[in-house]
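Here the structure comes first, spelled out in structure tokens, and everything after it is commentary.
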Amino acid sequence: MTELQKLMNEISEWSDKTFGDGKRNPAIVYHLKKEVDELIDVFENNPRNEHRQLLFEYADCMMLLLDSAFLAGFTADDLLLAVKEKLEINKNRKWGKPDANGVIEHTNK
């Protein structure tokens, strides 16, 4: 078992004990959206972008993502393989210009 899978299992076990083992998706994903907003807030409103604060916001996002994926029936290996596959897809896409927030999206599927 990989370290990432062990972590995913530990997060899910803690989450089940803390919040109940019922169906929590998509609630977890909605919570993830809030944590992403907090991460953006650190970048936008903390001129020093304190390393530890940023790291913990990333950690919050990762824990929620892993817990949601676990509850959806995916393993850490599933996620890693999907990320690798998606990266290859993205490498072959054409990319547009940044929007007002600096976001660049692909222009083709």
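Read the figures in this text as sums done on the coordinates, not as results from a lab. Note that the coordinates shown come from a computational prediction; the quantities given were computed from them, not determined experimentally. Don't worry about glycine lacking a Cβ; one is built from the backbone with ideal geometry, like all the others, and counts go over all protein chains shown.
Numerical summary
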read-out	value
In segment 66-109, the residues that are more than 25 Å from Ile40 (Cα to Cα), free of Cβ contacts under 8 Å to residues at least 24 places away in the same chain, not in a helix (DSSP H, G or I) and not small (Gly, Ala, Ser)	Phe74, Asn92, Arg93, Lys94, Asn108, Lys109
Index of the failed condition, Leu79 passing every other in (1) surrounded by fewer than 16 Cβ atoms within 10 Å (Cβ to Cβ); (2) under 16 Å from the mean Cα position of the chain (by Cα)	(1)
Any hit, segment 2-14, residues being surrounded by fewer than 12 Cβ atoms within 10 Å (Cβ to Cβ), part of a loop (DSSP other than H, G, I, E, B) and not basic (Lys, Arg)	yes
Condition check for Lys17: more than 19 Å from the chain's Cα centre (by Cα) and either β-branched (Val, Ile, Thr) or in a helix (DSSP H, G or I) (or both)	yes
Only listed residue being in contact (Cβ under 8 Å) with a residue 24 or more places away in the chain, more than 21 Å from Leu80 (Cβ to Cβ) and either assigned to a helix (DSSP H, G or I) or polar (S, T, N, Q) (or both), chosen from Glu57, Glu44, Glu35	Glu35
Any pair with Cβ under 9 angstrom, 6 or more apart, that starts in segment 1-30 at a residue that is over 14 Å from Leu65 (Cβ atoms) and ends at one that is among the aromatic types (Phe, Trp, Tyr) and surrounded by 14 or more Cβ atoms within 10 Å (Cβ to Cβ)	Asn9/Phe70
Enumeration of residues in segment 14-52 that are closer than 17 Å to Gly73 by Cβ, of a type in the set (D, E, K, R) and in contact with a helix residue (DSSP H, G or I) (Cβ under 7 Å, 6 or more places away or on another chain)	Arg24
